[in-house]
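The values are calculated or read from the model by the stated rules, or taken from the named source; none is laboratory data. Every value quoted in this text rests on a predicted model; they were computed, and no experiment measured them. Counting neighbours? That spans all protein chains shown, and the Cβs are built from the backbone with ideal geometry, glycine included. SASA here: full protein model, heavy atoms, side chains in, ligands and nucleic acids out. Shrake-Rupley method; radii C 1.70, N 1.55, O 1.52, S 1.80 Å.
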Amino acid sequence: MNSITKSLLKSIKHGQAAWLRSSSTHSGKQCLPKLVLGIETSCDDTGAAVVDDAGNILGEALHCQKEVHLKTGGIIPLVAQQLHRENIEQIVKEALSVSGVSVNELAAIATTVKPGLALSLGVGLEYSLKLVNKYKKPFIPIHHMEAHALTIRLTNQVEFPFLVLLLSGGHCILAVAQGVSDFLLLGQSIDIAPGDMLDKVARRLSLSKHPECHSMAGGKAIEHLAQTGNRQHYTFRVPMQHYRNCDFSFSGLQNLVNKVIIQKEKEEGLQKGELLSCIKDIAAAAQHAVAVHIVKRTYRAMLFCIKHSILSPKNATLVVSGGVASNQYIRKGLQILADANGFAFLCPPPRLCTDNGVMIAWNGIERLRAGLGVLHCTDGIRYEANAPLGIDISKRVEEDSIKVPRLKMKI
């Protein structure tokens, strides 16, 4: 974006913010829009945004650490922490500047405090509390996964309750969103998340050395190569087929893929780190197994929710969010599932599926409206690296032992 465009965008945002501040005067009374600053540092992205209570994104800024972590082969918590420290002040200033809003005009400051990398969470919380104390603003601590789940209500008109599937590098969760801070947990990964598994497979295949993938994150590289691969050349057993619950497991699948890679390296006389000739086929087969596993568990969640009238079959909705939700192959499989079961299928736009300040600010708005978790005293507030989502009813799902019918899934 050139300097003229940036200047024009900034002036438009300033004008929009000024209009919002001045246009709500009626009968001598001012009804100013409520503005929330959201700050996100749960993993490797430093994000900030200002959102108003009408759902307008007034300003946002994001610093992504992807290039640094690609070189190290994964996220190193100490490196992520340092990069957050170096960038958070500038990112917050940029979001405020673009929005044309000062900290004094904010109704509250919302910040991710759980779950995530402890060192990263600490940077965001420490910076936020300095702002809160300096400007005497209410503080809204945000659950990262709740924010992902409710992002769809910023972009679409979605009423509670709805089924939500959260897919990312650190999480794989099936839950029912019943309210702003009211979730029923149906199932989650018992080991690693799908994004983590795909990244590890990409590293084992040395995809950073592939000419088509050198600047791509691992999961994105798998998706890209899989498009021209033949998944039928390899068959990986779908995990947990004998467990009639909604939990996920990806570590065993990763091990199966690794065994095939080792076998093919021996057959082709290659050392670890050299590119296999069948690399695209392995990528396609691995991605397909991940997609089928996710679709089957989601299918059971749908059946459970309809059986127990948690969702109405007349207006049931499946929302999919998180970084892995941008994988088009997995998304298409879930679309097929939703269509076959009469569920509306919704995903936030790709830029709001990954970690960002907008979703944190919006969750702050939702909580502000509902009067939930708005703190005027921050004594004792701490970050939490691990934090469950909602009320865990996964045992009830397992006790029902619902058999999932076969689904024709031609992706």
Using a 1.4 Å probe on the protein heavy atoms only, what accessible surface does Glu267 show? Give it in Å² to the nearest 10. 110
Using a Cα-Cα cut-off of under 18 Å, which lysines could be cross-linked to Lys403, ignoring same-chain neighbours fewer than 8 residues away? Lys296, Lys307, Lys395
In whole percent, how big is the carbon plus sulfur part of the accessible area of segment 223-280, probe 1.4 Å, protein atoms only? 44
Whole-Hz ³J(HN,Hα) from phi, Karplus 6.51 cos²θ - 1.76 cosθ + 1.60, for segment 137-154, glycine and proline x: 10, x, 10, 10, x, 10, 7, 4, 6, 4, 4, 4, 5, 9, 4, 4, 6, 7
Distance in nm between label sites at Lys66 and Ala344, each 7 Å beyond Cα in the beta-carbon direction? 3.0
Considering only DSSP beta bridges with both partners in the chain, what is the antiparallel share in %, to the nearest 5? 60
Can you give me the relative contact order of the chain as a percent, contacts being Cα pairs under 8 Å and 6 or more apart? 22
Carbon and sulfur atoms account, in whole percent of the 1.4 Å probe accessible area of segment 50-165, for 51
Residue with peak Gaussian network fluctuation, the chain [Cα springs, cutoff 10 Å], from Gly357, Gly74, Gly47: Gly74
Once fully extended, how much extra length lies between Ile190 and Asn258, figured as 0.36 nm per residue of separation less the alpha-carbon to alpha-carbon distance? 22.5 nm
Using Cα-Cα distances under 8 Å and only pairs 6 or more residues apart, what relative contact order does segment 192-274 have, in percent? 36
Where in the chain are the DSSP H helices whose C-alpha atoms run 30 Å or more along the long axis and whose mean Kyte hydropathy is at least 0.5? 279-307
Once you compute Rg and the Kirkwood Rh from C-alpha atoms, what is the Rg to Rh ratio for segment 43-127? 1.01
Using DSSP to define loop residues, name the GluC sites (Glu not before Pro) in segment 135-213 whose beta-carbon has at most 10 other beta-carbon atoms within 10 Å. Glu159
Run the accessible area of segment 350-411 with a 1.4 Å probe and give the carbon-and-sulfur part as a rounded percent. 50
Can you list the residues of segment 124-144 with backbone N under 14 Å from a point 7 Å past the Cα of Ser181, pointing along Cα to Cβ? 139-144
How big is the C-alpha Rg of segment 324-376 next to the rule-of-thumb value 2.2 N^0.38 Å, as a ratio? 1.55
Could you do me a favour and compute the accessible area per residue for the chain, 1.4 Å probe, result in Å²? 46
The farthest towards the positive end of the charge dipole of the chain, of the residues Ala107, Gln232, Cys213, given +1 on Cβ of Lys and Arg and -1 on Cβ of Asp and Glu, is Gln232
Given an 8 Å cut-off on Cα distances and at least 6 residues of separation, report the relative contact order of segment 237-338 as a percent. 31
Within segment 350-411, DSSP-loop trypsin sites (Lys or Arg not before Pro) with at most 16 other C-beta atoms within 10 Å are Arg382, Lys403, Arg406, Lys408, Lys410
